[in-house]
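One structure is given below, encoded as structure tokens.
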Amino acid sequence: MTVAALSQTCGAAPVLWMRPRHVGYLGPDLGVGMHDTAIACLGLALDGPFTVDTAEHGTFVTSSVFVPARVRHRIVSEGRIALLFAEPGSAVTGCALSGSAGPCAVDPAEEAVLIAAARAGVASLQRLISDPKPLRSIDPRIDVIVREIRADPAAHPRAEDAAAAAGLSEYYFLRMFAAHTGTTFRRYRQWARVRMVFVGMEAGHDLTRCAADAGFASPSHLSETFRRTFGLSLTAVLNSRVSLDIR
């Protein structure tokens, strides 16, 4: 199914799409529990404000929220929402307020533009977030590792291997990786494996094969990681009849 087709049907069924720099979801609240994503997440309320519950920063009502990686939270909404999981260096990360260490609302002017684009559909939102924005660039050595892991989650199985490939000590590499990506090396490899599961799902593979191909030790290991990352089970996502658009 093409992006254009998805934009016409997103009101009828939830849509999950994946691109090199982000993973997106547009549809109803699926009843997620508290979770901490491996990478940063931008949430947009399409049909009125939603509630954001956090483990360490309280509860607040807003029409948008930028949640840094590894911050426990959940979004509760009675209407449709758009979620954008931002890869390191993604234009989506430009939505974070400068100096904010926890979840925060997006600048009102930018929020209005993002929500309008999301209401128009996936294609409109993608065009907006694909526009180049002035972001702090990732160190080229870290960026190479990130791209290699994203292409093949089995790449650099140990931090010391990745550090050696980058020409850095393991200690300095891990600190540098976290500083430039906003997450840890271990959690990013987990995220890359989850991305690989989406690829397998769109190809029609069963969950046992998806888990094995993505490098999970077992389907239960996949299920545990998926619930920790998104706050609901993979089975619940499949039962929601979500449409997949993976590229």
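The values are calculated or read from the model by the stated rules, or taken from the named source; none is laboratory data. Since the model is a prediction, treat every value here as computed from it, not as a measurement. Heads up, the Cβs are rebuilt from the backbone with ideal geometry, glycines too, and the neighbour counts pull from every protein chain shown. Heads up: the accessible areas ignore ligands, DNA and RNA and are worked out on the full protein's heavy atoms, side chains in. Shrake-Rupley method; radii C 1.70, N 1.55, O 1.52, S 1.80 Å.
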Which value, in Å², gives the accessible area per residue of the stretch 47-191 when a 1.4 Å probe is used on the protein heavy atoms?
48
Pick out which of R19, R150, R187 has the largest mean-square fluctuation in a Gaussian network model of the chain, springs linking Cα atoms closer than 10 Å.
R19
Overall form of the stretch 132-193 per C-alpha gyration tensor (a/c, 1.5; a/b vs b/c):
oblate
Between E170 and R158, how many nm apart are label points set 7 Å from Cα along the C-beta direction?
0.6
How much solvent-accessible surface does L46 expose, in Å² to the nearest 10, with a 1.4 Å probe and all protein chains in place?
0
Leaving out ligands, DNA and RNA, what percent of the accessible area of the chain is carbon and sulfur, probe 1.4 Å?
53
Cα-based Kirkwood hydrodynamic radius, the chain, one decimal, Å:
18.4
